[in-house]
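Heads up: the structure comes next, in structure tokens.
What follows is calculated from the coordinates using simple rules that are stated; it is not laboratory data. Because the structure is predicted, anything quoted here is derived from the model rather than measured. We place every Cβ from the backbone using ideal geometry, glycine too, and count neighbours over all the protein chains shown.
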């Protein structure tokens, strides 16, 4: 299950990067902010998965 969670978290991060890039290109600050939020969320979840792996 942990491997699937890691993939979902990475996908969320990459999706956020894409949203941020589109927001930059279109000068859409809301989309930029949403992309940054998604990236931060994905990174935070990935960090949590790494902590879980340490305690296995």
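Between helix 2-26 and the chain, what is the angle of the helix's C-alpha long axis to the longest principal axis, kept within 0 to 90° and rounded to the nearest 10?
Here the helix axis deviates by roughly 10 degrees.
I'd like the FRET efficiency for residue 54 and residue 15, computed as 1/(1 + (r/R0)^6) with the beta carbon distance as r and R0 of 25 Å, rounded to 0.05. Can you show the working numbers first?
Working: r = 27 Å, r/R0 = 1.06.
So, using R0 = 25 Å, E works out to roughly 0.40.
Which of 56, 19 has the fewest other C-beta atoms within 10 Å, and how do the rest follow up to the most? Show your work: numbers first, answer last.
Details: 56 5, 19 21.
Ascending Cβ contact count within 10 Å gives the list 56, 19.
Once the convex hull of the C-alpha atoms of segment 2-50 is built, how many Å³ does it hold per residue, rounded to a whole number?
Values: hull volume 2.0 nm³, N = 49.
Looking at segment 2-50, the number lands at 41 Å³ per residue.
How far is helix 29-54 tilted, in degrees, relative to the longest principal axis of the Cα atoms in the chain, given as a value from 0 to 90 rounded to the nearest 10?
Roughly 10 degrees between the two axes.
Quick one: 2, 15, fewest Cβ neighbours within 10 Å first, how do they rank?
Numbers: 2 10, 15 15.
Going from least to most buried by this count: 2, 15.
Between residue 6 and residue 47, what is the label-point separation in nm under the 7 Å Cα-to-beta-carbon projection?
The answer from the label model is 1.9 nm.
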